[in-house]
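Everything below concerns the one structure shown next.
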Amino acid sequence: MPIDRLDAALIRLLDEEPRLGVLECSRRLGVARGTVQARLDRLHARGVVRGFGPHLDPAALGFAVTAFATLEIRQGRGPDVRAHLASIPEVLELHTITGRGDMLCRLVARSNADLQRVIDHVVEFEGILRASTAIALENPVPYRVLPLVAAAVGDGSEPEPDEQPDR
């Protein structure tokens, strides 16, 4: 079930000011408080909105180095490797992938020397055969989803089918 313009406006509002309450959201959006609560509940139940926690910056926590490691794993060891990687605090994300590797990890470390420690901890597991690591130099487009929200409802993109001009 796609989102509509009200859902998109609510998501944008909460992205800009995550500490807003339901009543203030309803006031700003010009809809009933119950409507906002129902929309939030539905978005959360569908997994569109996954949480309301703070967005943390690893660098501000002292982890200034970000790297991406492509891992090749021993066949049949996927669940064990996942559990091992989930136990390492510096592993922020893990994706299974296609291509040359089997998994892609986003790692953080306090320094380049500390990154070596993190990588050593990652690859010490016998199910990991090989790792290839790239250090991120800059993050010119940080993680974002609001452009997807706009695209999902047609804001700033092509008109909806019923809004297309006559030809």
(request) Could you identify the single residue in Arg117, Arg74, Arg110, Arg100 that is in contact with a strand residue (DSSP E or B) (Cβ under 8 Å, 6 or more places away or on another chain) and modelled with pLDDT under 95? (result) Arg100
(request) Read through the list (1) in a strand (DSSP E or B); (2) in contact (Cβ under 8 Å) with a residue 60 or more places away in the chain, then give the number of the only condition that Asn139 fails. (result) (1)
(request) Keeping to segment 10-21, report how many residues are without any contact (Cβ under 8 Å) to a residue 60 or more places away in the chain and either open to solvent by 30 Å² or more (accessible area, probe 1.4 Å) or touching a strand residue (DSSP E or B) at 6+ places or on another chain (Cβ under 8 Å) (or both). (result) 6
(message) Considering only residues that are open to solvent by 60 Å² or more (accessible area, probe 1.4 Å), in contact with a Ser or Thr (Cβ under 9 Å, 6 or more places away or on another chain) and under 18 Å from Glu90 (Cα atoms), which ones fall in segment 32-66?
(response) Ala64
(request) Being outside any helix (DSSP H, G or I) and of a type in the set (D, E, K, R) is the filter here, so list the residues in segment 43-82 that pass it. (result) Arg46, Arg50, Asp57, Glu72, Arg74, Arg77
(request) Working only within segment 62-104, note down all residues that are closer than 16 Å to Ser132 by Cβ and in contact with a His (Cβ under 8 Å, 6 or more places away or on another chain). (result) Met103, Leu104
(message) Can you pull out every residue in segment 14-42 that is modelled with pLDDT of 95 or more, in a helix (DSSP H, G or I) and among the hydrophobic types (A, V, I, L, M, F, W, C)?
(response) Val22, Leu23, Cys25, Leu29, Val36, Ala38, Leu40
(request) Please tell me if Asp80 is among the charged types (D, E, K, R), surrounded by 13 or more Cβ atoms within 10 Å (Cβ to Cβ) and either touching a Phe, Trp or Tyr at 6+ places or on another chain (Cβ under 8 Å) or modelled with pLDDT under 95 (or both). (result) yes
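The values are calculated or read from the model by the stated rules, or taken from the named source; none is laboratory data. If you're wondering where the values come from, they're calculated on a predicted model, not measured in any experiment. Neighbour counts are summed over all protein chains in view; Cβ atoms, including those assigned to glycine, are modelled from backbone coordinates with ideal geometry. Only protein heavy atoms, including side chains, enter the accessible area calculation; ligands, DNA and RNA are left aside. Shrake-Rupley method; radii C 1.70, N 1.55, O 1.52, S 1.80 Å.
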